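Worksheet: one structure, shown below.
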Amino acid sequence: MSILTPTAVAPPRSRAYGDGARAMLPLLIGAAPFGVVIGATVAGSGMSVWPGWSTGWLVYGGSAQLALLGGLADRSSVWLLLLGVLLINARLTLYTAALAEHWRAERRWWRILAAWLVVDPAFVIGARGYASGRGTRAANAFYLGGAVVLWIGWQLCIVGGIVVGTALPASWPVGSIAPLYLISLIATDPDAVRQRRPLAIAAVVTALFSVVPGHVAAAAGIATGLAAGSIRRAASPKGRS
Amino acid sequence: MTAWPAVLAAGALSVALRLLPLILLSTGPPPAWLRRVGALIAPVVFASLASAAVAAAMVSRGVGGAAPEALAAATALAIGRISGRRWLSVSAGLVVLVGLTVTPGA
């Protein structure tokens, strides 16, 4: 085949990488101010820039990074810092467990990379991809395309925060785009709307636990909401069958 | 204390939390409880994260101070339910948020 032979149609898998990358953009815009804040925290903490910036690709989770950086600035015990990271990032285990079932046909390096990139917005995109009915291989590409864009964008946001962190006007509501996007995903999904009781329980428990220090609110809400949903399904005749 | 040991240990812990399910679920089928809640994980996580964002505003600025975020979230939910359009839901929420944020006294 000549190199001049036109390619008819992009294969679904390669197109899905791009689709996932584009789908990630609203979430990346929403997460960007958080990354900038982390960069500004690194710059203002007095610690060396390299370990601070490296939390972006080693820990790779905004809440855990912020807690770690705050603890390092306060000279907290390493064990306390690790306990905080464990509590905050425990939800990532659940995310990977939910996504990994779809990754069995992929190569080992792909699965390790995909798991390493799991974080809240990536899980959002992954869940969307698998619910879209585009086929497992294409949905995997959709997930990884979005996850890679998020990872690159996150590192750049932290660098931006280190350089010009305090210049971003605090009045810009860009940080609220991500929660509004999450709400829109629930509101426009008929299956999610039908599960409103566990969702409401998760939201209320998260709100109640938000006054507890240690960033445990979302983890508590997710655990309670899933437990409520699991009990409900186990008790229903359909769930037992 | 140099920051590197804590950063490296926290990084190793975070990677382990992500990779653990790959190892545990590589051979056998997923556990029954995971299958039971599988379809619930995404919407429950979304609800918790959205709620956490609104609650964080309430904790830092008080209930009244977080009114723009709470009303924007309620608007996005209502418009999304009525219209079924994601972009309209987000846009409506943002309009409410910006409108209330720039209104003096809001």
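Quick note: the coordinates plus some simple rules give every number you see, no bench work behind them. Here the structure is a predicted model, which is why all the values come from computation and not from measurement. Don't worry about glycine lacking a Cβ; one is built from the backbone with ideal geometry, like all the others, and counts go over all protein chains shown.
Points to keep in mind about this one:
- In Hz, Karplus ³J(HN,Hα) per residue of segment A:108-121 (6.51, -1.76, 1.60; θ = phi - 60°; x = Gly, Pro): 4, 4, 5, 5, 5, 4, 4, 5, 4, 8, 5, 7, 3, x
- Net charge of Cβ neighbours under 11 Å - reference A:THR96; Lys, Arg +1; Asp, Glu -1: +2
- In segment A:89-170, the trypsin sites (Lys or Arg not before Pro) that fall in loop regions by DSSP, at most 15 other Cβ within 10 Å: A:ARG104, A:ARG107
- Largest GNM mean-square fluctuation among A:GLY229, A:GLY160, A:GLY129, using chain A with Cα springs under 10 Å: A:GLY229.
- Gain on full stretching of the segment that runs from A:TRP50 to A:ARG194 - 0.36 nm per residue minus C-alpha separation: 47.1 nm
- FRET efficiency, A:LEU83 to B:TRP33 (Cβ-Cβ, R0 22 Å, nearest 0.05): 0.30
- For residues of B:66-76, the mean tally of beta carbons on other chains within 10 Å: 3
- Highest mobility in the GNM of chain A, judged by mean-square fluctuation with C-alpha springs under 10 Å and restricted to A:ALA147, A:ALA31, A:ALA192, is found for A:ALA192.
- Phi angles across segment A:186-202 convert, under the Karplus curve 6.51 cos²θ - 1.76 cosθ + 1.60 with θ = phi - 60°, into 3J(HN,Hα) values of 5, 5, 9, 9, x, 5, 5, 5, 5, 9, 5, 5, x, 5, 5, 4, 4 Hz, Gly and Pro given as x.
- Averaged over A:90-103, number of beta-carbon atoms from partner chains that fall within 10 Å: 6
- Charge dipole (chain A, unit charges on Cβ, about Cα centre) - positive-most of A:LEU87, A:PHE123, A:HIS102: A:HIS102
- Cα gyration tensor shape for segment B:1-90, rounded if a/c is under 1.5, else prolate or oblate: oblate
- Three-way shape label, chain A, alpha-carbon gyration tensor, a/c 1.5: oblate
- Around A:ALA105: net Lys/Arg minus Asp/Glu count, Cβ-Cβ under 13 Å: +4
- Shielding value for A:219-231 is 5, the average number of Cβ atoms from other chains within 10 Å of each residue's Cβ.
- For peptides A:69-82, A:178-191, A:42-55, sequence by mean Cβ density within 10 Å, most packed first: A:178-191, A:42-55, A:69-82
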